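Asks: Before I ask anything, here is the structure I am working with.
The values are calculated or read from the model by the stated rules, or taken from the named source; none is laboratory data. The model shown is predicted, which means the values in this text are computed figures rather than measured ones. Because the Cβ atoms are built from the backbone with ideal geometry, glycine has one as well, and the counts that use them run over all protein chains shown. For accessibility, only protein heavy atoms count, side chains too; no ligands or nucleic acids. Shrake-Rupley method; radii C 1.70, N 1.55, O 1.52, S 1.80 Å.
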Amino acid sequence: MSDQKTREITYLEAVREAMVQEMRSDPDVFLMGEDIGVYGGAFGVSQGMLDEFGPERIRETPISEEAIAGAATGAAMMGMRPIIEIMFMDFLTLAMDQLANQAAKIRFMFGGQTSVPLVCRAPAGSGTGAAAQHCQSLEAWLVHAPGIKVVAPSTPYDAKGLLVTSIRDNNPVFFMEHKLLYRTKGQVPEDLYSIPFGQAEVKRPGRDLTVIAYSNMVVRALEAAEILAVENIEIEVVDLRTLKPLDEATLIASVCKTGRVLIVHEAPLTGGFGGELAALIAGGEAFDFLDAPIRRLAGLDIPIPYNRTLERATVPQVEDIVAAARILAKEGK
Amino acid sequence: MENASIAVPPSGGGAFLRTVDSASLSHQLPHEKLAWMLRKMCETRYFEEKAEELYTRGLVHGTMHLSIGMEASPIGSIGALEPDDLIIHHHRGHGHTIAKGADIAIMMGEFLGKEPGYCRGRGGSMHIADMQGGNFGATGIVGGGIPIAVGIGLALHMRRSSQVLLSFFGDGTTNEGAFHEALNLASIWKLPIVFICDNNKYGMSMDVHQVMNIEYISERAASYGIPGVSIDGNDVLTVYQVIGEAIARARAGEGPMLVENLTYRWRGHSKSDRNLYRTQEEIAEWMERCPIKRFKQLLVTEHIMDEVEVEDIDLQAKETIDQSAEEAVLMPEPSPENMEDEVYAP
């Protein structure tokens, strides 16, 4: 991003900009979903896109998630590059046959005769008081379906660059947008750029322990890092950016350097992606460098409750990361 | 209001049934077209009989879903397409694949799980696809293919293509939510798709009329504001004629249509089926309505072909299948090496 012109925009604007710029340059790209036209999408991501591209390419659908995902799959097999917006990640349940049984498997099952270049975007996560059916983080389901790639950016810059890569990728890509990130701001180049998949980023270097996170938990980990720095605990924040493919090298290198690792995600602990990361670290070269047990901080194994206090208590907050890091920094010493 | 009663919408009954004068139609069609239909129906029948034989000989790893007795539906339908039109179908789809012009040796190779098979042994009988031939394959999920059909139709529509898609599924599928979502979407977008229900009377063991309170599945079309019609799916020329009209309609930009091809499968649902849900008499009765036997009789009665020509086509089909099977049995097995590299497209 050397001499490109950058300016501060929100995560939401960055997502929109990636779609708009890709749609301008590639006539095969189109957006499909519920209330994405005049309404601008439930969260306003596609605001204004109907005016520029018209109803052919900003294609509004009935409330039919399975048909939306299926239509994207079929269009992708025809060489189009559909982006679908599922209004809440929770509604993936309704589209799951098409995503997991069809889109993910068709290439392999048909012996490589075709590919399915679609992007499924959806807002995820809690913090908005939307309760148990509008707040989930279901990335572990998708990671568990071979054939799908899973992207979970934490900044506006990453959101734009990774969405461009998602649209250009020749496979089904799930693009996870945390609702609390939509209004966050950051420097983003005006021009088109892409960020390769499978490249984690050290969002903050530190010597004492590694925090591995993605999506909104990166923001919380960085806030926690500021608090901990005052106490002279320097945490290194590794942002995975893509869960599949996973950049094992960057996270292993970080753990080898610090000797301590805290894995943080919002999704429930049991069966969460953190278990996969923990097994990866324990089973590889980083194991010999560990000075303390691998720790995980994740959502409780409960549905997301409505009440503000209960909701906060369900998923990791900044103070939870701070507390866990404080203990871990001293463990084994 | 003395006649007031709880309103029960009348089942469509005969209004949905459409008949075609096959005898006169047979005189209007080119001889090659009729010969093609007979050959493809015979190839399908012999393919499946060969599949059974190979299964019995222990050469088949998985299961299979045979369509013996149902051949007129795929062959008549696909016979009405132009070569560059498209199809997507279901797990009982050998006839559809053969009709769309698949190389039968490669198809048989896939059935046996061989490397030169259409899906390199990754898919098997339930997932044969021939993308180059415009065959978007069979899905093993009941109803899984219809939403995909909408996407294929959408791409054709957005590209202003003149191609048409035939989307085949079974009777059981029409009770899936996917059917409702997909037909509604195809209707509002006026996509160039003909939805074809191969109604073979049973969803595995479940009689159609135990799971829906309508006489004809085509009645469901009314919910989507599209035409629906039910036809004798064991008469290849009826199928050809009616699907042909639906194709012309779709090609003209008038949107989708639902056609129900009424037929019957002679064999069980799959290899585990012991036919406990139907009588031998019922099966025998439908075997009397064999679509191949009927077509042969029609061709001879109408003096389109003599018996020698009919049996010659039959024999050629049998030879094609026998040769393809011999070839396929000798094809190499796939290797497990680098399998994981194939999950994602580069």
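Asks: Count the DSSP beta bridges whose two residues both fall in the stretch A:201-330, then state the antiparallel fraction as a percent rounded to the nearest 5.
Replies: In the stretch A:201-330, DSSP labels about 20 percent of beta bridges as antiparallel.
Asks: Now a separate question. Count, for each residue of B:118-124, the Cβ atoms from other chains sitting within 10 Å of its Cβ, then give me the mean as a whole number.
Replies: Across the residues of B:118-124, the mean count of other-chain Cβ atoms within 10 Å is 4.
Asks: Now for a separate question. If packing is taken as the average count of other Cβ atoms within 10 Å, what order do A:77-88, A:29-40 fall into, highest mean first?
Replies: Top of the packing list down: A:77-88, A:29-40.
Asks: Solvent-accessible area of A:Glu276, probe 1.4 Å, all protein chains present, reported in Å² to the nearest ten, please.
Replies: Looks like 110 Å² after rounding.
Asks: What average number of partner chain Cβ atoms lie no more than 10 Å from the Cβ of the residues making up B:139-149?
Replies: Average per residue, whole number: 6.
Asks: Could you work out [θ]222 nm for chain A from helices alone, using -39500 (n - 2.57) per DSSP H run of at least four and dividing by all its residues? Round to the nearest 500 deg cm²/dmol.
Replies: Only helices count here, giving -10500 deg cm²/dmol.
Asks: For B:His61 and A:Ala282, what does the FRET efficiency come to when R0 = 45 Å and r is the distance between their Cβ atoms, rounded to the nearest 0.05?
Replies: 0.75
Asks: Starting from the Cα of A:Lys5, draw a straight line to each of the lysines and keep only those under 26 Å, dropping any in the same chain fewer than 8 residues away.
Replies: Qualifying lysines at Cα under 26 Å: A:Lys160, A:Lys185, A:Lys203.
Asks: Show me A:7-15, B:180-188, A:294-302, B:201-209 ranked by packing, highest mean number of other Cβ atoms within 10 Å first.
Replies: Output ranking for A:7-15, B:180-188, A:294-302, B:201-209: B:180-188, A:7-15, A:294-302, B:201-209.
Asks: For peptide A:90-98, compute the average count of partner chain beta-carbon atoms within 10 Å of each residue's beta-carbon.
Replies: 2
Asks: A 21 angstrom limit on the alpha carbon distance is what I want to check against. Which of A:Lys149/B:Lys114; B:Lys50/B:Lys114; A:Lys244/A:Lys330 exceed it?
Replies: A:Lys149/B:Lys114; A:Lys244/A:Lys330
Asks: Chains A and B: how much accessible area gets covered up at their contact, both sides added, probe 1.4 Å, in Å² to the nearest hundred?
Replies: 3400 Å²
Asks: Then there's this: When chain B is treated as a GNM, springs tying every alpha-carbon pair under 10 Å, which of B:Thr56, B:Thr139, B:Thr320 comes out with the largest mean-square fluctuation?
Replies: Result: B:Thr56 has the largest fluctuation of those listed.
Asks: Using a 1.4 Å probe over the heavy atoms of the protein chains, calculate the carbon and sulfur portion of the accessible area of the stretch B:220-275 as a whole percent.
Replies: 45 percent
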